[in-house]
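Input: a single structure, listed below in structure tokens.
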Amino acid sequence: MRIERILANNPGPFTGPGTNTWLVEDAGECVVIDPGPVDDLHRGRILEQTVGRAPLGVLVTHTHSDHAPLANPLAQELSVPAYGYAPGPDFDPDLRLGEGAIVDIGQTRLDVIHTPGHADDHLCFRLADVLFTGDHIMGGSSVMVEDMGSYLASLEKLRGTGLRRLNPGHGDEMDHPDEVIDWYLAHRRQRHEEILEAIRAGAGSADEIVEVVYQDVDRALHPLAARSVEAHLVLLFEEGRIASSRHELVALPAKPT
Ligand SMILES: [Zn+2]
């Protein structure tokens, strides 16, 4: 079994060093995970890696523009199916994968795990004790979250499952997955409390909260941070900890326990 990383040439504030495309090979068969944006040079490098191997499919973890747009054209060129959870803006799966699906590669297999949160259509792929995490967990940074309740549940789901390595969609491979997952859970819980604190201190909108809570984060990332804040707000509403009054957010007194 071999795992190879091919870095796409799309570095930036949202993508870190760029998107990691993963090639997984066993017994001469291979799949490509997250081919990335449409880019001829990157496409050429992926194709080079498949020479002498029998490609079986092109998989995407989710349909964001830095992961999926090359999937359909590449799959066509390789005469294999494109696999994903659901269609997206620049992606239309030939075969849909959901929780519990299996993709056989040579003598080994990928197990599909649905991990909504960063995006509703997000999948992780497990190969023995290695997990391809897409943007659910990234190397070296926190993640923009669309649905906080789902995101936290999708992290919990992976904890204590015997993983030994995380291969993310951006950044380097990570060992000690449970420690990494614990850091992500703690980070989100801390942000959750900081956001509630900011509302108590008078912040009345997501943008105002970002100014207070994300002071130490690059301003280029503030629009993404605002989306994560919105996701925290939805969860705070659901938890009955905040309300909205005349379009201003207000913290509610803690319920007696
Ligand atoms: Zn990404």
Exercise. Could you tell me which numbered condition Gln76 fails, if it satisfies all but one of (1) surrounded by 15 or more Cβ atoms within 10 Å (Cβ to Cβ); (2) more than 19 Å from the chain's Cα centre (by Cα); (3) not in a loop (DSSP other than H, G, I, E, B)?
Key: (1)
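Residues that are within 13 Å of Ile199 (Cβ to Cβ) and either at pLDDT 90 or above or among the hydroxyl-bearing types (Ser, Thr, Tyr) (or both): does region 218-229 have at least one? Quick ask: steps written out before the conclusion?
Of region 218-229, the ones within 13 Å of Ile199 (Cβ to Cβ) are 229.
Still in the running and either at pLDDT 90 or above or among the hydroxyl-bearing types (Ser, Thr, Tyr) (or both): 229.
Taking every residue of region 218-229 in turn, at least one turns out to be within 13 Å of Ile199 (Cβ to Cβ) and either at pLDDT 90 or above or among the hydroxyl-bearing types (Ser, Thr, Tyr) (or both).
Among the residues of region 220-257, write down those that are part of a helix (DSSP H, G or I) and of a type outside the set (A, V, I, L, M). Please lay out each step first, then the result.
Quick first cut of region 220-257, residues part of a helix (DSSP H, G or I) only: 220-238.
Result: His222, Pro223, Arg227, Ser228, Glu230, His232, Phe237, Glu238.
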Quiz item: Is it the case that His114 is modelled with pLDDT of 95 or more, within 15 Å of the ligand (Cβ to nearest atom) and not hydroxyl-bearing (Ser, Thr, Tyr)?
Solution: no
Practice problem: Taking only region 121-140 into account, find how many residues are of a type outside the set (Gly, Ala, Ser), away from the ligand (no atom under 15 Å from the Cβ) and part of a loop (DSSP other than H, G, I, E, B). | Solution: 1
Quiz item: Of the residues that make up region 33-51, is at least one assigned to a strand (DSSP E or B), touching a Leu at 6+ places or on another chain (Cβ under 6 Å) and within 20 Å of Ile137 (Cβ to Cβ)?
Solution: yes
Quiz prompt | Close pairs (7 angstrom Cβ cut-off, 6 or more residues apart or separate chains): farther than 21 Å from Gln49 by Cα and exposed (fewer than 13 other Cβ atoms within 10 Å of the Cβ) in region 1-17, at pLDDT below 95 and polar (S, T, N, Q) anywhere | solution = none
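Restricting attention to region 1-46, and to residues there that are of a type in the set (A, V, I, L, M, F, W, C) and at pLDDT below 95, which single residue is nearest to the ligand (Cβ to nearest atom)? Please lay out each step first, then the result.
Looking only at region 1-46, we keep the residues that are of a type in the set (A, V, I, L, M, F, W, C), and these are 1, 3, 6-8, 14, 22-24, 27, 30-33, 38, 41, 46.
Restricting the remaining residues to those that are at pLDDT below 95 gives 1, 14.
Values: Met1: 25, Phe14: 7 Å.
Taking the candidates together, the pick is Phe14.
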Exercise. Mind telling me which of the residues Val143, Val217 ends up being in a loop (DSSP other than H, G, I, E, B) and free of Cβ contacts under 8 Å to residues at least 12 places away in the same chain?
Key: Val217
Quiz item: Where residues in region 82-106 are surrounded by 15 or more Cβ atoms within 10 Å (Cβ to Cβ) and over 20 Å from the mean Cα position of the chain (by Cα), which of them is farthest from the ligand (Cβ to nearest atom)?
Solution: Gly106
Self-check item: Single condition Asp175 does not satisfy, out of (1) touching a strand residue (DSSP E or B) at 6+ places or on another chain (Cβ under 9 Å); (2) closer than 19 Å to Pro116 by Cβ; (3) at pLDDT 95 or above; (4) not β-branched (Val, Ile, Thr)
Solution: (2)
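The values are calculated or read from the model by the stated rules, or taken from the named source; none is laboratory data. As the structure is a prediction and not an experimental result, all values here were calculated from the model. Virtual Cβ from ideal backbone geometry, glycine too; neighbours counted across all protein chains shown.
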